[in-house]
Amino acid sequence: MRESRIRIGVVAPGSRIEPLLAERVGAIARTLYGERAPELVFHPQCFLASGQFAGDDRARAEAFLEVANDADFDALWFARGGYGSGRIAASVLPALNEAAARKTYLGYSDTGALLAGMYTRGFRNLAHGPMPADLTREGGDEAIKRALSYLVDRSAETLEPTISGTAPTAAFNITILSHLVGTPLQPDLAGHILMLEEVAEYIYRIDRALLHITSNPAIRNVAGIMLGRCSAIPPNDPDFGQSEEEVMKHWCAVSGIAYLGRADIGHDIHNKIVPFGLSRPR
């Protein structure tokens, strides 16, 4: 008989993490929950290196499926973004089983490619939120505690504060969603409140990505768009002349999509959790 405590598998579909980071995340979980601490299982693949990836495409795909399809895991927590999720999506998505469909998945940034692909296949326990790699940020334990509180308790306090449970939501990195639009990974977001964030992109690139996103006929069926934080924006020479919010308001006006204000998400320790679809308490 399996133990009653939550069992969370961690995989890295993109870039690798260091073993010490995994140890530190485990220590936070034990301090936070004591005897009720979830069992965190970092797949060895998380620590592999193949160029910039945490192992080659086959190794990353196999690790993802090993955890996702194992009924003994309650959740799959993505270790880090970086790049690589899109490279394995076509091979792993058709291989997911019923146990995978019942799991909770948590991640953001590059892992949005897999989250989007699973959402198109009817998976409903998906969420955009902190990952173990966030512990490398100053004050990152705050993000780790928020993620664990969501994975273990589905704490309402972890959610982006505008989420009411009455309207479906979804969240993505702007660049990632722009690259998914028009591909088989693009999810149906009709009626959703779509929250978008960005990091380390020039304003003109954000502008160009939003042109692509908001021009898509299916995206125009969203209930509205909220803008998260756009951090570490490199200086433009000459100055672009508009802020990220002004750019977002422009493309919402052009496309006829309602602009619904700012969202409390981003590539930082304050990144709140956004479930895909309607928020469901445990």
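The values are calculated or read from the model by the stated rules, or taken from the named source; none is laboratory data. Because the structure is predicted, anything quoted here is derived from the model rather than measured. Heads up, the Cβs are rebuilt from the backbone with ideal geometry, glycines too, and the neighbour counts pull from every protein chain shown. Heavy atoms of the whole protein, side chains included, go into the accessibility calculation; ligands, DNA and RNA do not. Shrake-Rupley method; radii C 1.70, N 1.55, O 1.52, S 1.80 Å.
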| lysines with Cα under 26 Å of LYS145, excluding same-chain neighbours fewer than 8 positions away | LYS103, LYS272
| How much of LEU48 can a 1.4 Å solvent probe reach, expressed as accessible area in Å² and rounded to 10? | 80 Å²
| task | Calculate the length of the line joining the C-alpha centroid of segment 180-235 to that of segment 1-72, in whole Å. | result | 29 Å
| task | Would you mind telling me the antiparallel percentage of the DSSP bridges in the chain, rounded to 5? | result | 10 percent
| message | For GLU201, GLU98, GLU246, give me the order by solvent-accessible area with a 1.4 Å probe, most accessible first, ignoring ligands, DNA and RNA. | response | GLU98, GLU246, GLU201
| message | Checking understanding here: applying a Kyte-Doolittle mean of at least 0.0 and a length along the axis of at least 15 Å (C-alpha), which whole DSSP H helices in the chain pass? | response | 19-33, 203-215
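Keeping all protein chains in place, calculate the accessible area per residue for segment 92-187 (probe 1.4 angstrom), answer in Å². Please report the intermediate quantities before stating the final value.
On the way: 3290 Å² over 96 residues.
In whole numbers, segment 92-187 has 34 Å² accessible per residue.
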| remark: Projected convex hull area of segment 149-191, Cα atoms, direction-averaged, in nm², equals 4.2 nm²
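So what is the calculated 222 nm ellipticity per residue for the chain, using -39500 (n - 2.57) for each DSSP H run with n of 4 or more, over all residues, to the nearest 500 deg cm²/dmol?
Value at 222 nm, helices only: -10000 deg cm²/dmol.
What is the magnitude of the charge dipole of segment 225-270 about its Cα centre, with +1 placed on the Cβ of each Lys and Arg, -1 on the Cβ of each Asp and Glu, and no other charges, expressed in debye to the nearest 20? Please report the intermediate quantities before stating the final value.
On the way: 3 positive and 7 negative charges, 42 e Å.
The dipole magnitude comes to about 200 debye.
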| task | Report the extension gain between ASP70 and LEU211 in nm, rounded to one decimal, defined as 0.36 nm multiplied by the number of residues separating them, less their alpha carbon distance. | result | 46.7 nm
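Net charge within 9 Å of ILE206 by Cβ-Cβ distance, Lys/Arg positive one each and Asp/Glu negative one each, not counting ILE206 itself?
Details: positive: ARG205, ARG208; negative: GLU198, GLU201, ASP207, GLU244.
Result for the neighbourhood of ILE206: -2.
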| said: Which one, SER215, ALA232, ALA200, is farthest towards the positive end of the dipole of segment 183-248 when Lys and Arg carry +1 and Asp and Glu -1 on their Cβ? | reply: SER215
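Leaving out ligands, DNA and RNA, and with a 1.4 Å probe, what % of the accessible surface on segment 1-66 is carbon or sulfur? If you can, show how the numbers build up before the last one.
Values: 1910 of 3570 Å².
Roughly 53 percent, rounded to a whole number.
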| message | Defining a contact as two alpha carbons under 8 Å apart and six or more residues distant in sequence, what relative contact order in percent does segment 159-225 show? | response | 40 percent
| task | Inverting the mean 1/r over all pairs of different Cα atoms, compute the Kirkwood radius of segment 53-192 and quote it in Å. | result | 15.6 Å
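How much of the accessible area of segment 206-257, probe 1.4 Å, is carbon plus sulfur, in whole percent?
Numbers: 1340 of 2580 Å².
Percent of accessible area from carbon and sulfur atoms in segment 206-257: 52.
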